[in-house]
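One structure below.
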Amino acid sequence: MTETPIRWFRDGRLARLRLQRPARHNAIDAAMWRALPELCREIDADPEVAAVIVEGEGSQAFSAGADIAEFGAVFADADSTAQYNAAVRAGLAAVEALDRPSIALVRGLCVGGGCGLALACDLRFAGATARLGITPARLGLAYGFADTRRLVATVGPARAKDMLFSGRLLDAAEALAIGLVDRVLPDDAAEPAALDYARGLADRAPLSLRAAKRMIEAVMAGADSDTAETAALFEAAYRSADFREGQAAFAERRPPRFRGV
């Protein structure tokens, strides 16, 4: 665990990765960005975790983004700028690379780096009053390549341009219409729905989920045929104990008991 205001905890078979600065709308400071890779390694090392919920504390904000209050310090010179930007990239990459499916639970504001964090997750469930946007054009900043890649892969190039050019905030309905979020529910139903969906993943074969995630990533990265990783994942699934268990459970008309091996 870490002393910074971001932590994860087990909730049954879920890992809940939570930003904990509600008084600052869960703005993400440099220490929090730096903590993310180790937190993600801890989650991946826990064999009981089936899925990950990424969330902000409280109902007012998933995250208002990077903490602008510290910009004077983190962007003081070229070295500190490079170190800070590297920490942000590494934090988002760690969330994207999680070995389990990840779901962003978006309530309230989800802006800038907060929206980038949500985009690093596999799916996004939003409350009806959520507002999302990416605002570097309002601050004289550029949006990084990896962040832009995730945005374009999610909403397409024209809508990514609209969001980045205008820096405007989208309401939940528009975010759903363009594919920026995957579910919109009443505010008080968003968390139960996300948890229910994530818990359902615990009944699925972990090897199948991992393979699906990596296959889709390879497709999105431009691969038009198997990579060494996707070929190995495909073959390993057919040799797994879980595949044998799936067949046995089907024949015996019972729920399978997958173990991820």
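The values are calculated or read from the model by the stated rules, or taken from the named source; none is laboratory data. On a predicted model such as this, the values are computed, not experimentally measured, just so you know. When we count neighbours, we look across all protein chains shown, and the Cβ atoms used for this are built from the backbone with ideal geometry, even at glycine. Each accessible area value is taken on the protein alone, full model and side chains, heavy atoms only, with ligands, DNA and RNA left out. Shrake-Rupley method; radii C 1.70, N 1.55, O 1.52, S 1.80 Å.
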(message) Let me test this: with uniform point scatterers at the alpha carbons of region 143-256, what is the Debye-based log₁₀ I(q)/I(0) at q = 0.22, 0.24 1/Å?
(response) -1.17, -1.23
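Which percent of the accessible area of the chain is formed by carbon and sulfur heavy atoms (probe 1.4 angstrom)? Intermediate results must be reported in sequence, preceding the final value.
Working: 7250 of 12840 Å².
For the chain, the apolar C and S fraction of the accessible surface comes to 56 percent.
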(request) Find the relative contact order for region 12-76 and round it to a whole percent, using C-alpha pairs within less than 8 Å whose residues are 6+ positions apart. (result) 52
(request) Over all alpha-carbon pairs of region 1-135, lay out the pair-distance distribution in 5 Å bins, whole %, shortest bin first. (result) 2, 12, 21, 25, 20, 12, 5, 2, 0
(request) Measure out, as a whole number of angstrom, how far apart the alpha-carbon centroids of region 109-174 and region 42-108 sit. (result) 14
(message) Taking the solvent-accessible surface of protein heavy atoms with a 1.4 Å probe, what is the per residue accessible area of region 1-87 in Å²?
(response) 45
(message) What do you get for trypsin sites (Lys or Arg not before Pro) in region 191-258 restricted to DSSP loop and a cutoff of at most 11 other Cβ within 10 Å of the site's Cβ?
(response) 239, 253, 257
(message) Net charge within 12 Å of residue 24 by Cβ-Cβ distance, Lys/Arg positive one each and Asp/Glu negative one each, not counting residue 24 itself?
(response) -3
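Based on the Cβ-Cβ distance of residue 204 and residue 77, what FRET efficiency does E = 1/(1 + (r/R0)^6) give at R0 = 51 Å, to the nearest 0.05?
Details: r = 48 Å, r/R0 = 0.95.
E between residue 204 and residue 77, to the nearest 0.05, is 0.60.
Averaged per residue, what accessible surface does region 124-261 expose to a 1.4 Å probe, in Å²?
On the way: 8150 Å² over 138 residues.
About 59 Å² of surface per residue is accessible.
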